[in-house]
């Protein structure tokens, strides 16, 4: 998502990166559902991580994109920590 948005913000042709991000987004759906079903206590953290990743699409400049990327990393780290504790 970050690469796609970097290309978009730079004014480049981001159609290939967009198509690739759709594949990645589809690949997230099954694991997200699995976490929600098997570890419902992590549902909020899992959904937060996904929303934070998608939040990069709203960036209107590189600084905002970097901030959104950092929030996505932090959300993913929070989910990973919660998963480790639940195990």
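Values for this structure:
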| read-out | value |
| --- | --- |
| Cα-based helix-to-principal-axis angle, 15-38 vs the chain, degrees rounded to 10 | 10 |
| Degrees between helix 62-86 axis and first principal axis of the chain (Cα, 0 to 90, nearest 10) | 20 |
| Candidates 72, 46, 30, ranked by Gaussian network fluctuation over the chain, Cα under 10 Å, top entry | 30 |
| Per principal axis, descending, Cα span of the chain in whole Å | 44, 24, 15 |
| Rounded tilt (10° steps) of 43-54 against the dominant C-alpha axis of the chain | 10 |
| Burial ordering of 22, 48, fewest other beta-carbon atoms within 10 Å first | 22, 48 |
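Readers should treat all values here as calculations from the given coordinates under stated rules, not as data from a laboratory. Computed from a predicted structure; not experimentally measured. Cβ coordinates were reconstructed from backbone atoms using ideal geometry, including for glycine residues, and neighbour counts include every protein chain displayed.
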